[in-house]
Structures are given as C-alpha cells and as structure tokens.
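Where a number appears in this text, it was derived from the coordinates with a stated rule and is not lab data. If you're wondering where the values come from, they're calculated on a predicted model, not measured in any experiment. Every residue, glycine among them, receives a Cβ derived from its backbone with ideal geometry; neighbour counts consider all protein chains shown.
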C-alpha cells in the first residue's frame with residue numbers, strides 16, 4: 001500500500017504555495033509559485049508538477065485549501081477543508097513552535113498578527129489594502145533603489161549609521177527616503193531605516209495597544225528578509241523565531257487541518273485526483289437581477305456542468321446546486 | 001408636503017407613522033450602489049460613511065419629490081448631531097429647497113421638540129397623533145420581536161436563506177396594517193409563518209451567540225454592514241444587536257417619569273471603561289459588551305464607520321476589555337468598499353476562535 005500524504009494549497013494574491021505532508025507531519029514536497037492574477041492556471045500547474053513528483057509513490061488522503069482564493073481552489077481540486085488564512089497559519093505555527101504566544105505574518109499584500117495562549121488563538125488583527133507594513137512596500141522600494149529584493153536584508157545589516165524614515169504611509173516613507181538620499185546617506189543606511197520603519201508601522205498598526213508576548217514567531221515571505229528580522233529583534237529586545245518552512249506556513253496549516261479533519265471524522269477525501277490539471281474548469285460571473293441587491297454571482301463549470309455558485313445574498317443560486 | 005426620512009433598518013415603521021397622519025410620504029430606496037455613489041460625490045470627503053449614505057438617500061428621495069426631511073438628532077458631541085444642518089446645507093447648495101426637521105431627544109430640549117412635533121401633527125387632533133404614535137410604537141415592538149426570532153432561527157435554518165426571506169415577507173405583511181385590530185391579526189399570521197420555518201436541532205453547548213455593537217447606523221442598516229447578521233447566521237451564529245428601534249424610542253422619546261430606561265443601565269455598565277459621554281454611542285458600545293458578557297454571549301462584533309472618533313476610542317479600550325471580561329471582540333471598520341472577502345476571512349477566523357474557546361471550556365468541565 002502506498003504511503004498516505006495530505007496536500008495543502010494556499011492561493012494568495014501574490015503567491016500560490018502547495019505542500020504535501022505525510023502522516024507524521026513531515027514535509028514531503030513544497031512549491032512556491034507566483035499567482036500573477038491567474039489562480040486557476042497556477043493551481044493546475046502546481047498539481048501537474050506534484051503529479052510528476054509524487055504520483056505512483058504516494059496516495060493523496062486529504063486536501064486543505066486556504067488563502068484569498070481558497071474557495072475557487074477548493075472546488076477545483078476537491079478540498080476536504082477550506083479554511084481562512086488566520087486559522088491555517090496559526091495551526092502550522094503551533095505545530096512547529098507549540099509554546100508560541102505571538103505570530104508575525106508578513107506576506108506580499110497583507111500582514112497579520114496572531115495572539116495565542118496554550119495553543120489557541122485569543123486575538124488577531126489583519127492589515128490589508130494599506131501597503132505600509134507589507135512585502136509590496138519593500139518590493140517597491142527595492143525597485144526604486146535598483147537592488148534585488150533577495151539582497152535587501154543583507155544591505156540593511158551593513159548600515160553604519162541609523163536614520164529614521166517615516167513608516168506610517170508609503171507615500172511619507174518615499175518622500176522621507178528621497179530627502180535622506182539627497183543628504184548623502186548610503187543605500188545601506190536607507191534600507192536599514194526602511195526595515196525599521198516597516199517593523200514600527202507593523203507593530204503600531206496591528207499591535208494597537210495589545211500585549212505582545214514572547215515567544216515570537218515570524219513567518220510569511222518577508223521573513224526571508226534578515227534586515228526585517230533584525231529590526232524586529234531590536235524593537236522587541238527579544239529573539240524572534242523563524243520556522244523552517246516560514247514561507248509556506250499557510251498551506252502547511254491547511255494540510256494539517258485536512259489531516260486532522262479526515263482522521264477525526266473517518267471520511268474519505270474528496271480530492272479529484274492529479275487529473276484536475278487536465279479538466280476544463282471555467283468560472284464566470286453574472287449580475288443577478290432578481291432584486292435591487294444586484295449581486296455579482298460567481299458560477300463555476302467543470303466540463304460544462306455547473307459545479308458551484310456563490311456570491312448571491314439570498315441563496316437563490318447557491319441553493320440550487322445539487 | 002411630501003415627507004421623507006433617512007433609511008435605517010425597518011423604515012416601514014416611520015412611513016407608517018407619517019401615513020397614519022395623512023402625510024404623503026416618500027420612502028427612499030434601500031441604500032444601494034447608486035445611493036453610495038451619490039452620497040460620496042456630494043458629501044465632504046472626510047465625513048463618515050453614515051453621513052454619506054444618508055446624503056445619498058436624501059438625494060434619491062428629493063428626486064422623487066420630497067420636500068421635507070424628518071430625522072433624529074445626534075447624541076452628545078458626535079458629528080451626527082450636526083448632520084441635519086449639514087444635510088440641509090448640502091441640499092440647498094445643490095438647489096433643492098427642502099426643509100429638515102430634526103427631532104432631538106425629548107429629554108434634552110422639550111420646547112423645540114414640541115415645536116417640531118406640532119409641525120408633523122399638522123391639522124390632526126392631538127388625540128389622533130397619540131393614536132398614531134401608539135399604533136406605530138406597537139408595530140415597531142412587533143417588528144423587533146419578529147426580527148429577534150429570525151436572528152435566532154437563522155443560525156439553524158435547514159434551507160439557506162429561508163429565515164431572511166421570511167423576514168421580508170413579514171415586513172410586507174406588517175406594512176399593510178392600519179388599525180390595532182389589523183395589527184393583532186397580522187402578528188398572529190406572522191408568528192405562524194415563523195413557527196413553520198424548519199430548523200436543525202443543535203445541542204445547547206454548541207450554540208454560538210454573538211452581539212453586534214457600535215455606531216447605530218452601521219449596526220442597524222444591513223446594506224452598509226455587509227449584511228453582517230445574515231453572514232453570521234450562515235456561519236451558524238445567533239445574533240443580537242445593541243440597537244433596536246423600539247429600544248431607541250424607549251430611551252429617547254418616552255418621558256423619564258415612566259421609569260428608568262434600559263439605556264441608563266447599559267451606560268452604567270459602560271462606566272468602568274468610559275466615564276463620561278464622549279459622543280456617538282461609545283459609552284453604550286462598552287456598556288453593551290459588558291451586558292453581552294453578563295448574558296453569557298460567546299463573542300461581540302464591534303462595527304464602526306471608518307474614522308468614527310467615539311468608536312475609535314472604544315477600539316483602543318478593546319484589548320483591556322477583552323482581557324478583563326474574557327469575551328472575544330472583533331472590530332470591523334466600514335466604508336464605501338464593497339469587497340467583503342477580507343472581512344469574511346476575519347469573521348470566519350473569529351468564529352473558529354470562539355468555537356475553540358468553547359470546546360476547551362467544555363472539555364475542562366467534563
């Protein structure tokens with residue numbers, strides 16, 4: 001009999017991550033792709049790649065989906081669990097660092113802070129839309145300074161002097177940065193200033209007077225940035241733990257949740273198989289004119305048959321799926 | 001004179017009152033994208049979302065020929081107290097010659113309120129006015145009672161959407177009552193319809209009860225709060241709001257000698273966190289959170305218009321209140337943004353948090 005594995009799919013606005021774990025929660029495979037506005041294609045490609053890697057060697061016993069595209073991805077692959085990012089992230093973190101009290105998660109388009117006690121979430125906050133305090137802020141500034149984002153953190157660590165850059169809003173930060181440039185500060189110093197500004201903004205914006213207690217865990221794509229990590233440690237005066245799989249914690253959590261769910265209920269997985277990469281999956285939307293709400297209803301067809309509908313406030317369409 | 005009013009919650013009651021007095025009333029449409037667009041275009045950019053939506057509502061009513069607007073006054077030093085004036089100014093500057101009658105709390109300014117009431121009374125006798133007021137009040141009580149039943153049942157409905165569709169039907173029935181006898185008959189009919197909604201049996205310990213607190217407009221008007229009650233119902237949660245029209249009337253219109261109002265009790269409960277009235281519904285918000293905890297609710301969702309100062313003050317007290325009261329609170333700021341994916345994520349995570357907390361409590365007890 002083939003060894004059982006569980007898949008976790010995290011479809012975010014910037015990246016799509018897929019992981020596979022075994023019964024002992026060991027990571028078997030992980031992939032990180034750019035979503036580039038094409039969640040369906042990206043998930044299909046990911047599954048295709050996974051098929052080459054794992055098909056015939058393992059049996060997929062469960063699938064979990066998370067991220068802002070979780071609903072669509074869940075229908076596409078036939079997920080057993082479709083969970084929000086906050087619960088998914090915390091699940092993975094508690095699995096890696098059971099005693100964790102505060103999670104800093106900084107991704108491309110959003111950032112979160114999650115507070116826990118005894119392995120349970122007690123409070124959380126999420127920042128979206130505002131770029132200050134997210135990865136895209138750094139991305140943008142790295143581009144301005146013509147430095148590859150991968151090297152950004154290293155630059156910060158080489159700074160000799162400290163400068164302060166306003167971090168509340170990227171617009172302020174940018175004008176501050178330009179004026180500091182004109183004063184003759186080096187790129188390294190400016191980047192360090194930026195990292196500190198991001199951390200300050202993150203803690204102010206999401207922490208909002210909440211008690212932030214160690215152990216701290218820092219995850220999400222931005223955790224790869226050593227400059228930000230150093231800025232966190234400086235600001236908090238405490239070590240910040242970066243888990244081994246910091247960049248795929250969302251999908252890892254989704255896989256763990258799927259495993260837990262299927263093991264506790266004894267159900268069989270709804271996974272459509274690796275063949276999903278080849279099926280014809282067409283989401284469309286239309287404006288329902290049934291009432292003045294004018295809901296935008298999303299309809300998903302698989303091989304010409306309606307597989308799911310949602311977005312209607314009254315349930316007129318959602319209820320009609322068999 | 002054609003009269004209109006701001007759209008908030010079950011407006012059929014305001015319309016009924018004016019209709020009973022023989023006025024020609026114009027009910028603005030339930031706020032929709034066009035209302036928001038109009039309101040955002042013709043209101044000051046920094047104003048809060050409720051002001052903008054109401055501007056939009058007024059404009060839609062004026063388009064339909066409304067000449068007089070009847071609205072309530074604000075509470076303490078919140079900008080809402082100034083809304084009547086501001087709306088009058090905006091509408092006048094746009095060339096609409098409308099009159100705005102602001103009814104403040106009768107407990108604060110008896111004389112002006114009486115003057116305004118006299119205007120609404122028109123040529124009707126005082127007896128008729130009292131009769132209309134009494135019938136409307138009974139209607140509002142009935143509406144609130146049915147709505148609360150819906151808010152409970154929606155968590156357990158078998159077929160999605162049943163409850164809120166029934167609620168629309170009930171409003172349609174109650175819209176057509178003109179006498180006390182008709183009201184009583186309609187109430188019986190509505191109760192029967194509600195009782196017929198099939199529901200799932202859920203063990204008591206798995207039930208989740210959530211209270212919604214915050215600024216009155218975003219709490220009461222579902223079109224600006226992402227239909228939060230329906231969303232929570234779909235997640236299997238029973239819901240109560242900190243504001244119901246009948247309670248507002250009890251607190252603001254009923255003369256004080258008729259007894260201590262519920263509002264005073266709530267304010268007393270909020271005192272621990274906010275000692276003085278700082279405007280808007282800030283003190284009530286904190287009071288209601290304490291009250292919901294006392295009633296054994298599992299969590300509270302705190303709604304505020306983006307940039308609302310009183311509610312921002314509450315938000316900054318929340319970490320302390322959550323810790324002391326041991327009740328989870330989720331604050332959501334609302335504005336003209338219509339994408340709700342983000343907030344759905346927050347709400348889903350919040351409900352997970354509540355479920356886990358409950359589970360832990362149960363396993364400890366057992």
Fully extended, how many nm does the chain gain between residue B:272 and residue B:133 (0.36 nm per residue separation, minus their Cα-Cα distance)? 46.4 nm
Measure off 7 Å from each Cα along the Cα-to-Cβ vector at residue A:264 and residue A:296, then give the distance between these two points in nanometres to one decimal. 3.5
Of A:223, A:308, A:231, which is the most mobile in a GNM of chain A whose springs link Cα atoms less than 10 angstrom apart? A:308
Value at 222 nm in deg cm²/dmol, rounded to 500, when DSSP H runs of n ≥ 4 in chain B each add -39,500 (n - 2.57): -17000 deg cm²/dmol
Starting from 0.36 nm per residue, how many nanometres of slack lie between residue B:24 and residue B:41 once their C-alpha separation is accounted for? 3.3 nm
Residue B:323 and residue A:303 label points (each 7 Å along its Cα→Cβ direction) are spaced in nm at 5.7
Just A:39, A:214, A:148 to compare: in a GNM of chain A, with alpha carbon springs under 10 Å, which one fluctuates most? A:148
Principal axes of the protein assembly as shown: Cα extent on each, largest first, Å: 85, 65, 51
For the pair residue B:202 and residue B:158, how long in nm is the line joining their label points, each one 7 Å along Cα→Cβ? 1.7
For the range A:28-93, what is the per residue volume of the convex hull drawn over the alpha-carbon atoms, in cubic angstrom? 101
Over chain A, what is the relative contact order in whole percent, taking alpha-carbon pairs under 8 Å and six or more residues apart? 21
In what order do B:46, B:297, B:350 fall by count of nearby beta-carbon atoms within 10 Å, going from fewest to most? B:46, B:297, B:350
When only C-alpha pairs under 8 Å and at least 6 residues apart count, what is the relative contact order of the range B:254-355, in percent? 23
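Take A:298, B:354, A:114 and order them by how many other Cβ atoms sit within 10 Å, fewest up front. List each step's numbers first, then the result.
Working: A:298 17, B:354 22, A:114 26.
With the sparsest Cβ surroundings first, the list reads A:298, B:354, A:114.
When B:48, B:237 are ordered from fewest to most other Cβ atoms inside 10 Å of their Cβ, what list results?
Details: B:48 26, B:237 23.
In order of increasing Cβ crowding within 10 Å: B:237, B:48.
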The relative contact order of the range A:1-122, taking Cα pairs under 8 Å that sit 6 or more residues apart, comes to a percentage of 22
For the range A:8-145, rounded, prolate or oblate, judged on the Cα gyration tensor with a ≥ b ≥ c (square roots of eigenvalues), a/c < 1.5 rounded, else prolate if a/b > b/c? oblate
Just B:341, B:186, B:132 to compare: in a GNM of chain B, with alpha carbon springs under 10 Å, which one fluctuates most? B:341
Between the Cα axis of helix B:33-42 and the main Cα principal axis of chain B, the angle (0 to 90°, nearest 10) is 60
Using helices alone, I'd like the mean residue ellipticity at 222 nm for chain A: each DSSP H run of four-plus residues gives -39500 (n - 2.57), total over residue count, nearest 500. -10500 deg cm²/dmol
